[in-house]
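Report on one structure; see the data block that follows.
None of the figures in this text is laboratory data; all of them are computed from the coordinates on show. These numbers come from a predicted model, not from an experiment. With ideal geometry, Cβ positions are generated from the backbone for all residues, glycine too; neighbour counts draw on all protein chains shown.
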Ligand code: PRP
């Protein structure tokens, strides 16, 4: 069995569609239920839905041979996995955002609220800017509104969340999209099978 970890949710549905069209289908997955894993014995495939931010852990530790994770997670946690393919879906960007009229007073330490402490720290270190990271788990946009932080480092997709909260993108740090990743040992021992998936998906991505 080739074990495949997919991110649960809208992105996962889209990503599964790519696998399906590439010939790696598993009809049971389309049945609406709360089941978390699905097998296609004939093809030797087992899919499972995991929280998007957990996919890299399943793959790094070998519970999944391959999986699909956002570039944001790969940059933030730097898991020991191979990144095999940009799937061209789940596109968004990692940004610094804040009040539209934000002015960065260089005499003060900049307070940055984020779910992505590592990315924020690396980004500001590259600019030589001192920051105080305020780690949050969600609704990051509230932080500058309530004065908890000066700016945020977060994902922007449509920009609607920022707009509706009177915030704006101040800087773009890096573009983000979903990536196919592989466990390093699996990639060595199941190379042909995994490469077949990479080739199949690559063709679908180009269409
Ligand atoms: C993400 C991100 C932004 C929002 C951006 O949040 O943290 O809040 O999506 O999308 P937009 O540009 O299309 O508005 P998510 O939905 O993951 O929820 P969270 O607040 O729990 O992080």
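Structure data summary
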quantity	calculated
Peptide ranges 42-53, 117-128, 26-37 listed from the most packed, as the mean C-beta count within 10 angstrom indicates	42-53, 117-128, 26-37
Nearest 10 degrees, 0 to 90: helix 191-206 Cα axis against the chain principal axis	60
Equivalent ellipsoid dimensions for region 111-207 as semi-axes, Å, which come from the Cα gyration tensor, largest first	36, 17, 12
Extension reserve of the residue 53-residue 172 stretch, reckoned as 0.36 nm per residue once the Cα distance is removed	40.7 nm
Euclidean distance of C-alpha centroids, region 75-105 and region 1-55, integer Å	25
Extended-chain gain in nm, criterion 0.36 nm per residue less alpha-carbon gap, residue 104 and residue 121	4.5 nm
On Cα atoms only, tilt of 117-127 relative to the major axis of the chain in degrees	60
Distance (nanometres) between label positions extended 7 Å along Cα→Cβ at residue 146 and residue 161	1.5
Semi-axes of the equivalent ellipsoid for the chain, Cα gyration tensor, largest first, Å	37, 17, 14
Antiparallel content of DSSP bridges confined to region 74-159, in %, to 5	40
The chain: antiparallel DSSP beta bridges as a percent of all, rounded to 5	60
q = 0.23, 0.24, 0.29 Å⁻¹, region 139-185: log10 I(q)/I(0) [Debye, one scatterer per Cα]	-0.86, -0.92, -1.21
Rg/Rg_globular for region 5-124, with Rg_globular taken as 2.2 N^0.38 Å and Rg from C-alpha atoms	1.34
Helix 10-21 vs. the chain, principal-axis angle (Cα, 0 to 90°, nearest 10)	30
